[in-house]
1. In debye, nearest 20: dipole of the range 239-321 around its Cα centre with unit charges on the Cβ of K, R (+) and D, E (-)?
2. How much net charge surrounds Leu405 when only the other residues with a Cβ under 11 Å from the Cβ of Leu405 are counted, with Lys and Arg +1 and Asp and Glu -1?
3. Multiply the residue gap between Asp427 and Val279 by 0.36 nm, knock off their C-alpha separation, and tell me the result in nm, one decimal place.
4. For Lys296 and Thr77, compute 0.36 nm times the residue count separating them, minus their Cα-Cα distance, and round to one decimal in nm.
5. Students sometimes get this wrong: rank Glu328, Glu159, Glu17 by accessible area, probe 1.4 Å, all chains present, largest first.
6. Decide, for the range 372-424, between rounded, prolate and oblate: order the square roots of the alpha carbon gyration tensor eigenvalues as a ≥ b ≥ c, take rounded if a/c falls under 1.5, and otherwise choose prolate if a/b is larger than b/c, else oblate.
7. Need the C-alpha centroid separation for the range 1-33 versus the range 95-140, integer Å.
8. When a/c is below 1.5 the answer is rounded, else prolate if a/b is larger than b/c, else oblate, so apply that to the range 246-345 with a ≥ b ≥ c taken from the square roots of the Cα gyration tensor eigenvalues.
Amino acid sequence: MRTIRHFFPEINAWMDEIRDPRFLPSIVYHKRFLVWWGLSLFLFKLGSRRQLDYELDAQNTRVLDNLNRLAGTQQKTRPVNKTLNYFLGRIGAQQVADLRTRLVRRLLRMRVLDAGRLQGHWVTATDGTGYLLFRQRHCPYCLERRYGEVTLYLHQVLEAKLLGPEGLVVSLGTVFIDQSDTADTPADADAERRKQDCELKAFNRLDAQLRTTFPQLSICYSGDSLFGCGRGLAMGNGPRRAFVYVLKPGRLPTLWQEFQTLLPLCAGQRRELVTSKGVRQVYRWVDNLSYTDSDKRPWSVTAIQCEETVDGQTTTWAWITNLKVNAETVISVATKGGRHRWHIENQGFNTQKNSGLNLEHAYSHRCWQAFYYLLQIAHLILQLVEKGNLLRQLAQELDKTPAQLFGSLKNIARRLLESFRFVRIQDEAYDPVAAAQIQIRLDSG
Ligand SMILES: [Zn+2]
């Protein structure tokens, strides 16, 4: 609670601004109460909407009192899960997305995310995933995938996730990929090609969305080799944009060839590093490599290669970028811009699928997008709790790390749920003045 009040003292006022088209005389539950009720589903990792009726039952628990104080409401009963579904259907997904935007803007203004910056840009991973899968067509927008005899219907999403300090991953923008994104893909294209086409088209919409929601933000896109093409380079070269994309020989064969030919001729462009764990890394780069895309547009990029040797085994990584690369910057570009993208494997979709947040569960057949945004908001709040120093201090007093104290992140959610059910949370925890005075840091110092 304190973490929420500290970072987002105005969150209830933001919820008040949600336009609520429900028929006024028949409204029982305040919109603030219902938004918190919806967030609880993910904050406590209940796993399915039905669980709200059981795990957050008001009988013989403190649930109603705690929720009322969180939302600043005086509800006499708790709603059922269907009330939430109806409410979200009425207010629509966009208003929940707007609430997420306000939370992120507040973190940016508080400079909580600044340590993740690279040459003035916020490193933002673009990553797509499938998240809903059906055996029968469930709506007109489902993507169709044929696997032999079987046809599956799915929903995909492309996310822009800002990589903050301490592995914090913040969802900045979301576009839902649907059937219309495959419109000009050849009918005989394979599944991989279809997926690529969809993601690249969605990337245009994502960039446009970010320009509207965060017009001042300088973004460095960090993406996989898929984005090494005209469309990806155009996005990464726009105003207030930069890029670091994985370079694979198969995706850009001519560029790769030129890079490998020039590398031995640029012997001075080299940095070597032995990490504290004894890993040997050799960074080399070549600038001003030219590439002409399928629309005959010329581009100039810098390519970086990192050879990493652990126990005699060498792995090679490569990227292309338009950031400034020299002996001082090459390591930060490759690390923050390139390799940190793998954090989203831990803190991004994997966590959202596997840690009890249950991303792939159809929370609603009608307003799944609103539930998607609620999940993103709750995950952001949970990360601030998990990575903030309040939890670390508590663990430290017992000579443990948070993970040792609770066993797992899922257990933390479990404990939160237990205290929410059975403990009347102290008034002090809800006090925005007290919350403003405490310090919450995300570093491990
Ligand atoms: Zn559908």
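The values are calculated or read from the model by the stated rules, or taken from the named source; none is laboratory data. Computed from a prediction, not measured in an experiment: that's the story for all the values here. Cβ placement follows ideal geometry from the backbone for every residue including glycine, while neighbour counts extend to all protein chains displayed. In case anyone asks, the SASA skips ligands and DNA or RNA and just uses the protein heavy atoms, side chains included. Shrake-Rupley method; radii C 1.70, N 1.55, O 1.52, S 1.80 Å.
1. Details: 11 positive and 8 negative charges, 54 e Å.
Roughly 260 debye, rounded to the nearest 20.
2. Within the 11 Å Cβ shell, the charges total +1.
3. 48.3 nm
4. Details: separation 219, 0.36 × 219 = 78.84 nm, distance 6.44 nm.
Gain on extension, Lys296 to Thr77, equals 72.4 nm.
5. Most to least solvent-accessible, the answer reads Glu328, Glu17, Glu159.
6. Cα axes put the range 372-424 in the oblate bin.
7. If you average the Cα positions of each part, the centres end up 21 Å apart.
8. The shape class here is prolate.
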